[in-house]
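Notes follow the structure.
The values are calculated or read from the model by the stated rules, or taken from the named source; none is laboratory data. If you're wondering where the values come from, they're calculated on a predicted model, not measured in any experiment. In this analysis, Cβ positions are derived from the backbone assuming ideal geometry, glycine residues included, and neighbour counts consider all displayed protein chains.
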Amino acid sequence: MKTDDTRYTRVACLLHWLIAALILTQITLGLVMDHLTFDDMLAFSLFQTHRALGIVTLVLVLLRVIWRFGHNPPALPNALPPKVQKLAKSAHSLLYVGQLISPLSGWALASASSLALPLSLFGLFDWPLLPFPSDGSLEAPFRAVHHWAGWFLAALVAGHIGAALWHGLFRKDGVFTQILPHFRIRKSS
């Protein structure tokens, strides 16, 4: 089966859009939890949902990284200046870093919390905690890393969306459509 080297693979597209939806949800949940006040039960539910979605995001990002090692992305248009191509490649690398640091720091924070709550994945099973002391001594540093990793990732995502819109609306160079879902149009006979 011939592959189309002008588009991302179906698996890469699926992972991209799932991870994008999860990251936008996580950023929204994080902001809501930080800036709004809820009754204790709702706050706990939001907190648990954020933690579980973070683990799901981490697993999907790891799958995306593994997939990426075996499948090269489509080339950028030759019409893009070399500096812009280098910037795009650097931005994608930073996106991967941000997508890993944010959930990893959240996992570390959950593991080092003095509350010592299990990391439940939607009540299905508990995700193992990292072997950090649960006396709270590492909670503040991990909270700071997670907080700033979230802002770093949010900034990268905003830049990524801006660049995608620039390619799709202004340059119209096909870069934006490379990651859109693959649809087959069936011809009627």
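Conditions tested, residue by residue: (1) surrounded by 12 or more Cβ atoms within 10 Å (Cβ to Cβ); (2) at pLDDT 95 or above; (3) under 23 Å from L15 (Cβ atoms).
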| residue | (1), (2), (3) |
| --- | --- |
| L76 | yes, no, yes |
| L80 | yes, no, no |
| L95 | yes, yes, yes |
| P103 | yes, yes, yes |
| L117 | yes, no, no |
| P128 | no, yes, no |
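Would you point out the residue of segment 26-66, among those that are among the charged types (D, E, K, R) and surrounded by 13 or more Cβ atoms within 10 Å (Cβ to Cβ), that is farthest from L129 (Cα to Cα)? Only one residue tops the list, namely R64. Which members of segment 95-122 meet the condition of being out of contact with any Ser or Thr (no Cβ under 6 Å at 6 or more places or on another chain), over 24 Å from A20 (Cα atoms) and assigned to a loop (DSSP other than H, G, I, E, B)? S113, S114, L115, L117, P118, listed by residue number.
Taking first residues from segment 6-33 that are within 16 Å of L60 (Cβ to Cβ) and partners that are among the charged types (D, E, K, R) and in a helix (DSSP H, G or I), the Cβ contacts under 8 Å between residues at least 6 apart in sequence or on separate chains come to A12/R64; A12/R68; L15/R64; H16/R64; I19/R64. Taking the criterion of being more than 20 Å from V157 (Cβ to Cβ) and assigned to a helix (DSSP H, G or I), the residues of segment 26-50 that qualify are D40, M41, L42, A43, F44, S45, L46, F47, Q48.
For segment 1-25, the tally of residues that are loosely packed, with under 13 Cβ neighbours inside 10 Å and under 20 Å from L156 (Cβ atoms) stands at 1.
The set of residues in segment 150-167 being buried (at least 17 other Cβ atoms within 10 Å of the Cβ) and without any contact (Cβ under 8 Å) to a residue 24 or more places away in the chain consists of H167 alone. If you go through segment 119-144 and keep only what is among the hydrophobic types (A, V, I, L, M, F, W, C), out of contact with any Gly (no Cβ under 9 Å at 6 or more places or on another chain) and free of Cβ contacts under 8 Å to residues at least 60 places away in the same chain, you end up with L124, F125, L129, L130, F132, L138, A140, A144. Scanning segment 52-73 for residues that are over 20 Å from V157 (Cα atoms) and either in contact with a strand residue (DSSP E or B) (Cβ under 7 Å, 6 or more places away or on another chain) or not in a helix (DSSP H, G or I) (or both) returns A52, H71, N72. Do you know which residues across segment 97-118 are of a type outside the set (S, T, N, Q) and over 20 Å from L153 (Cβ atoms)? Selection gives A112, L115, A116, L117, P118.
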